[in-house]
Amino acid sequence: MLAYAGRRLAGVLPTLFVIVTLSFFVIRLAPGGPFDAEEGLAPQIRANLEAAYGLDRPLPVQYLRYLSGLAHGRFGPSFKLRDVEVSELIAQGLPVSLTLGVGALALALLAGVPLGIGAALRHNSPLDRLATTLAVLGMALPSFVVGPVLVLVFGLRLGWLPVALPLVAQIARLVRGGLLEVLRADFVRTARAKGLSETTVVLRHALRPALAPLVSFLGPATATLVTGSLVVETLYGLPGTGRYLVEGAINRDYTLVMGMVVVYGALTLLLNLIADLIYGWLDPRVRYASGP
C-alpha cells in the first residue's frame, strides 16, 4: 500500500508544475491587460505601474520570478486590489468555499448513499423507480436553476438548508448501480447460501466493493464542489475563492487568477490522490495491477 501511495504521490508535483506553467503563459498571452480598464491613464503612469509589478520584464523573466516567489509561498500582490496580497484573499475566501463544498458533499452523501442502497435492494420497486426518476432530474437540472428554487422552498418557506440535488442524484445512481452489480456476484450468492442475513451480506460483503465506483467519482466531484462553487458564489455574492477567480479573470488580475489556479490545482490533485488511495484499499487488485 505504501509503494502504491508513493507512486501516486510522485505524480502530483510534476502535474501541478505543468498546470502552473500552462496557466501562467495562457493568462499572459490572452488579449488585454490589468490596467486596460483604467481610462485616461497617462502613458508614463502606465509604464510606472507595469514596472512596479514587473510587467515590463520579458515574459520568461516574469515566469521565473513567479516560480521563485511560489517556491517561497508568495503569490504576489493583487494588481487591482492595491496593497492587498493574493495570499490574504485566499485566506479570506478559501474557508467560505470549503464550507460550501464540504457541506454540500456531506448532505449529498447522507441523502444519496441510503437512497442508492434502498433502490438497489428493492430493484424494480416503486422506490427504485422513484429514485431513478429523481436521479435523472437531479443530473439534468443545472445548479443555477435549482439553486434559487431550493433557496425559496427550503430556505424561505421551510427554513431548512438547501440540498446539493445534482450530487445527491449522481451518488444515488452510482451506489445503486454498483450494489446491483455486486449483489449478482458469486461470492454474494455464496454468503447467502451460508445462511447469513441479508443485512450482513450487504454490510459486510457487498457494500465495500460496491462503493468503489462512488470513491472514483468523489475525488473529482469534491474538487468540483470546492473549486466549482464560483457560479454559486458569484450569483449570491459570497466572498469565496470562486468569486475572486471570476473577478480576477474579468479584471485581468494575473496574480489573483494564478493564485486561485494554484490552490484549485493543488486541491484537485490532493483529493484525487486520496480517492485513488481509498479505491486501492477497497479493491486491492488495483494496487497489484499498477506494479510492485
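The values are calculated or read from the model by the stated rules, or taken from the named source; none is laboratory data. Remember, predicted model here, so these are calculated numbers, not experimental data. Please note: Cβ atoms are built from the backbone with ideal geometry, for glycine as well, and neighbour counts cover all protein chains shown.
Taking the criterion of being in contact with a Lys or Arg (Cβ under 8 Å, 6 or more places away or on another chain) and of a type in the set (S, T, N, Q), would at least one residue in region 88-106 satisfy it?
no
For region 54-82, name all the residues that are at pLDDT 80 or above, part of a loop (DSSP other than H, G, I, E, B) and surrounded by fewer than 17 Cβ atoms within 10 Å (Cβ to Cβ).
GLY54, ASP56, ARG57, PRO58, HIS72, GLY73, ARG74
Six or more apart or on different chains, Cβ under 6 Å: which pairs go from a residue in region 179-194 that's within 19 Å of LEU282 (Cβ to Cβ) and without any contact (Cβ under 8 Å) to a residue 12 or more places away in the chain to one that's surrounded by fewer than 18 Cβ atoms within 10 Å (Cβ to Cβ) and of a type outside the set (A, V, I, L, M, F, W, C)? Could you list them?
Final answer for the pair search is none.
Restrict the check to region 93-104 and report whether at least one residue is more than 30 Å from ARG252 (Cα to Cα) and at pLDDT below 85.
So far as region 93-104 goes, yes, one or more of its residues are more than 30 Å from ARG252 (Cα to Cα) and at pLDDT below 85.
Taking region 107-117 only, how many residues are modelled with pLDDT of 85 or more and surrounded by fewer than 18 Cβ atoms within 10 Å (Cβ to Cβ)?
The qualifying residues number 3.
Condition check: among the polar types (S, T, N, Q), modelled with pLDDT of 85 or more and touching a Phe, Trp or Tyr at 6+ places or on another chain (Cβ under 9 Å). Does THR255 satisfy that?
Taking the combined requirement at face value, the residue satisfies it.
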